[in-house]
Amino acid sequence: MFNKTKKLGLTAFLLFLISFGLFYLDTRTTQPNLVGTDFLSGLDNEKIFYIQIETNRQAISLIRDGEKFFLKSDKGYPTSNERINEFIYNMASIQIADLITKNPNRFEDLKISDNNFDAKITFEDNQEKKLTEFYIGKMLNNQQRYIRLSKENKVYLSKDIIKLPTGEKDFIDKTLLNISRSEISSIKVLNTSSFQIDKNDNKFVVTQPKKAQIEESKVNQFINRISNVYFKDFKKINDDSISKVNFDKSIEVKLSNAIKYLFEFSQLDDKYYLKVLSNAGEAPKEIVIHSEDDQNKLKSVEKTILAQKKAQQFNLEHGAWIYEIHK
């Protein structure tokens with residue numbers, strides 16, 4: 001009886017050693033030739049038309065139209081090309097530090113399973129065909145993360161930190177308008193008593209009301225505020241939550257190239273709202289250039305055309321939105 005028990009104990013111990021060894025090999029399958037290799041090899045950025053980002057906070061959907069991505073999940077608000085490109089670059093630049101496991105039983109614990117993950121990233125082409133899809137899982141030592149392609153069982157450890165977006169606003173540039181002071185020729189306050197600022201010898205002067213005594217520092221502060229506009233939030237112009245907003249104050253900013261921007265302001269309770277449009281629709285439909293025109297004239301015409309395009313693009317992207325701004 002003693003010998004039988006001893007044999008059983010020895011067998012159990014050997015099985016334990018074997019299983020521990022397999023677990024160890026499964027856990028640390030270091031392959032030096034993998035270190036520093038790209039996780040998403042062959043991803044063609046030009047083919048990306050849809051981006052889906054699922055996290056434990058929310059799902060972010062982005063759709064490309066021409067050269068720009070829009071928020072599919074928020075009625076088509078335009079995103080920042082710079083921030084989209086940065087995100088795609090960061091994902092495409094993920095490198096492998098180590099192969100961790102091929103065992104599906106460990107996916108749940110590493111948070112790279114189909115139903116349990118820190119992030120699921122999907123890139124699709126213009127036919128909504130998946131270019132690639134992968135999971136980003138647990139963080140190791142507050143730096144590296146476990147990563148896995150959705151169609152594979154291989155789980156890798158990333159070489160570096162992977163920065164994940166926290167929400168849709170990570171892809172939005174909250175600078176609504178940024179106008180150089182050198183471009184401004186006049187600023188006129190409408191709907192109230194006459195107030196106007198004109199540029200005279202590269203200096204801004206209050207011309208209406210006449211003989212107004214306003215400190216130069218306050219004039220500059222006003223110009224800086226109106227030429228650099230930032231917003232807190234945005235809503236569709238027909239959103240029911242702002243149906244009572246009444247835009248009763250207006251400011252017209254005229255640029256040296258004849259483009260104008262109309263700012264309309266309103267206050268509802270403790271919030272301040274703004275909508276902005278350019279007069280791009282009023283711009284001349286054709287510009288005549290003569291063969292005898294000098295280089296300065298041609299450069300001036302080129303600047304005018306570029307300004308018109310910029311103003312038209314501004315209306316296309318922002319004309320349908322109302323912005324909540326700081327006081």
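The values are calculated or read from the model by the stated rules, or taken from the named source; none is laboratory data. Predicted, not measured: the structure shown is a model, and the values here were computed from it. Positions of Cβ are backbone-derived with ideal geometry, glycine not excepted, and every protein chain shown enters the neighbour counts.
Values computed for the structure shown
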item: Residue in the stretch 4-12 that is modelled with pLDDT of 90 or more, among the charged types (D, E, K, R) and in a helix (DSSP H, G or I) present; result: no
item: Filter result for V206 (within 37 Å of the chain's Cα centre (by Cα) and among the hydrophobic types (A, V, I, L, M, F, W, C)); result: no
item: Only listed residue being in contact (Cβ under 8 Å) with a residue 40 or more places away in the chain and under 24 Å from E82 (Cα atoms), chosen from I172, I136; result: I172
item: Residue satisfying condition, being at pLDDT 90 or above, exposed (fewer than 13 other Cβ atoms within 10 Å of the Cβ) and under 24 Å from the mean Cα position of the chain (by Cα), within set K275, K232, K244, K236; result: K232
item: Hits in the stretch 57-110 (condition: surrounded by 15 or more Cβ atoms within 10 Å (Cβ to Cβ), farther than 15 Å from Y135 by Cα and either in contact with a His (Cβ under 6 Å, 6 or more places away or on another chain) or among the aromatic types (F, W, Y) (or both)); result: F69, F70, Y77, F87
item: Pair list, Cβ under 7 Å, 6 or more apart: the stretch 109-127 residue at pLDDT 95 or above, other residue β-branched (V, I, T) and not in a strand (DSSP E or B); result: F123/I48
item: Per-region count, the stretch 214-229, residues surrounded by 12 or more Cβ atoms within 10 Å (Cβ to Cβ) and more than 19 Å from S185 (Cβ to Cβ); result: 0
item: The lone exception for D98 - which of (1) out of contact with any strand residue (DSSP E or B) (no Cβ under 6 Å at 6 or more places or on another chain); (2) farther than 16 Å from S150 by Cβ; (3) of a type in the set (D, E) it fails; result: (1)
item: Candidate set: the stretch 140-175, residues that are at pLDDT 95 or above and of a type in the set (S, T, Y); chosen: the one nearest to K102 (Cα to Cα); result: Y156
item: Flag if N220 is at pLDDT below 90, closer than 19 Å to K327 by Cα and not aliphatic (A, V, I, L, M); result: yes
item: Number of the exception - E128 against (1) surrounded by 14 or more Cβ atoms within 10 Å (Cβ to Cβ); (2) under 19 Å from Y50 (Cβ atoms); result: (1)
item: Matching residues in the stretch 199-213 - criterion: being within 15 Å of V189 (Cα to Cα) and part of a loop (DSSP other than H, G, I, E, B); result: P209, K210, A212
item: Condition met for L140 (buried (at least 17 other Cβ atoms within 10 Å of the Cβ), in contact with a strand residue (DSSP E or B) (Cβ under 8 Å, 6 or more places away or on another chain), hydrophobic (A, V, I, L, M, F, W, C) and farther than 17 Å from L40 by Cα); result: no
